[in-house]
Amino acid sequence: MSFLVLFKVFAAIAGTLWSAWRTIKVLRMTEGSTVEGRVTYVEGKPGIGGQPLLTFSYTANGQRFHKTWNETLDRNSQTKLMAAISRYNRGDTIEVWHAKADPEVCCIGPRVAPLEYVKGKLAEWVENLAALFR
């Protein structure tokens, strides 16, 4: 029993350090550019049903990227996801901001404000920590 508790504490500490490192790395990525992307899948439109899901693709630095909403800087905003789902259809053209240092770091539209990103990461961290002890 005590081994399991120690393991959970270690996992929580390791996860926190990893999350903090990733957050700091992303916050340092202030330079980026906007490219044209395309919506590849939309599910969960109001009145139709289904789980909210939006996927899109874009090209940056000669590489093609395919992302889901959960892989963007806006992943913690359910409100923005629902707004995007109601606004876009499959095949629509969208603006995608990506970091120049790491083109995989992206969001739909303008870059997410750093404070909003930190708030979202903190909420995600607290939720994950609480899940460890349920």
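Some points to look at:
- In the chain, the ratio of gyration radius to Kirkwood radius, Rg to Rh, stands at 1.04 when only Cα atoms are counted.
- With neighbours defined as other Cβ atoms within 10 Å of a residue's Cβ, the residues HIS98, HIS66 order from fewest to most as HIS66, HIS98.
- Cross-link reach list, aspartates and glutamates versus LYS25, counting only Cα pairs under 12 Å and skipping chain neighbours closer than eight places: ASP102
- Considering only PHE56, ALA123, ILE108, and ranking their Cα positions along the charge dipole of the chain that arises from unit charges at the beta-carbon of Lys, Arg, Asp and Glu, the one farthest toward the positive end is ALA123.
- The magnitude of the dipole of the chain, with charges of +1 and -1 set on the Cβ of Lys/Arg and Asp/Glu and taken from the Cα centre, is near 160 debye.
- Computed helical MRE - 222 nm, the chain, DSSP H runs ≥ 4 contributing -39500 (n - 2.57), nearest 500: -14000 deg cm²/dmol
- Simple rule: put +1 on each Lys or Arg Cβ and -1 on each Asp or Glu Cβ in the chain, find the dipole, and look at VAL96, TRP18, LEU73; the Cα lying farthest toward the positive end is TRP18.
Every read-out reported here was derived from the displayed coordinates using simple, explicitly stated rules and does not represent laboratory data. It should be emphasised that the depicted structure is a prediction, and the values quoted were computed from it without experimental measurement. Here Cβ is always computed from backbone atoms with ideal geometry, including for glycine, and neighbour counts include all displayed protein chains.
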